[in-house]
Amino acid sequence: MTIKDIARESGYAVSTVSRALNNHPDVSRKAKEKIQKIVEECGFVPNNNAKQLKQQQSQNIVIIVKGMFNLFFNNMIEEMQSAVSEAGYGVQLHYIDEDDNEVLAGAQLARERKPRGIVFLGGNSQSFEKSFSDVHLPCVLVTFTSPELHFKNLSLVGIDDQEAGRLAGEYLLNKGHRRIGVIGGNIKMSEISSLRYRGFCGALQSKGLQHPPALYQTTSFNLAGAYRAMQALLASRPEDPPTAVFCMSDIMAVGAIRAARDAGLRVPEDISVLGFDGIELGRYATPRIATVRQPQKEMVRTAIQLLMQQIERRREGQCSVLPIELVEGESVAERLA
């Protein structure tokens, strides 16, 4: 007896029978019990050698990570590897630079490695609009959503980055800050940085304020870049320095705090620093970093669920926008008049 025979006897699809035999959680108890009864009655024994060969040939998920030193992504990768493994697939990691085209990389990997699906960890809508039609595998883009991306084989999981930037701006404004520096990515190349900055500026505009371009410092999402960016912010207006800085990642916040302290400033007494992401490191930094937290574990769980639905149930891609949270810390203080 084969799996096809069991499928015919049980009335379930071959894919359902396969998932039931592998104890996948997305198969109902009723289906599992019926399939198991047929297996026991017929003495069916799975061909493990064939199963292993199939896994080697086509049971891998490629994860394309945009950026080499992003701790926010690093934490998610561990969770993602576990989730993919639990779903019965292998993982192939592929790192690209922040400025590389993730979709072109995905198309090449699809041809060369023939995975069952692709996870894009980081990306922007321009790359997908231009090139994604050449990718025909089930895919999910994590940490970025866009209402303009409509592909049947692409799911989107992330936050509302513009709303997150607005929340960051409102938080610092409510703390009494008006001269606020920003450290982020290149807003002409990084759509996430652009959206967060747009939301931040919107918060200022609601108070009748404009954000001077000189108070935005562009850098990479790493410690050294943020350190230099904070130095540049402090040097640009020594007579009237910012009282607070919004950093678009917690790693940037750590680098910025180090630069402020090396310049003889106290954080948060002399200058406040707000981070973004909510990574574990921020909770153990000194001072503990106030941050806009992204729901990492929920992002991973949702992304893999949507990808598996595309692969195993042939469902179309979906968009999931997850909630953010402002987490108080020790790096932001009230600005007294």
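Derivation of every value follows stated rules applied to the coordinates shown; laboratory data play no part. Everything quoted here is computed from the prediction, not taken from an experiment. Glycine gets a Cβ as well: all are built from the backbone with ideal geometry, and neighbour counts include every protein chain shown.
Summing charges over all other residues whose Cβ lies under 13 Å from the Cβ of Pro213, with Lys and Arg as +1 and Asp and Glu as -1, gives +2. Cross-link check: pairs Lys66/Lys297; Lys207/Lys297; Lys4/Lys30; Lys30/Lys114 evaluated at a Cα-Cα cut-off of 29 Å; pairs beyond the cut-off: Lys207/Lys297; Lys30/Lys114. Using Cβ point charges alone (K and R +1, D and E -1), the dipole size of the chain about the Cα centre works out to roughly 680 debye. Charged neighbours of Ser10, selected by a Cβ distance under 15 Å, balance to +3 (K, R count +1; D, E count -1). Ellipticity at 222 nm from helices only: DSSP H runs of n ≥ 4 in the chain, each -39500 (n - 2.57), divided by the residue count, give -14500 deg cm²/dmol. Just to be sure I understand the curve: with the Debye formula and one point per C-alpha of segment 127-247, what is log10 I(q)/I(0) at q = 0.12, 0.20 Å⁻¹? Here the Debye-derived log intensity ratios amount to -0.53, -1.08. Peptides 260-270, 191-201 ordered by packing proxy, namely the average of other Cβ atoms within 10 Å per residue, highest first: 191-201, 260-270. Based on the Kirkwood approach, the hydrodynamic radius assigned to segment 100-147 is 10.8 Å, with every pair of different Cα atoms included. With distances taken between every two different alpha-carbon atoms, the chain has a Kirkwood hydrodynamic radius of 21.9 Å. Placing a label point 7 Å from the Cα of Asn74 along the Cα-to-Cβ direction, the residues of segment 99-142 with a backbone N closer than 18 Å are 121-122.
The spacing between segment 206-250 and segment 132-163, judged by their C-alpha centroids, is 30 Å.
Counting only alpha carbon atoms, the long axis of helix 29-42 and the longest principal axis of the chain meet at about 30°.
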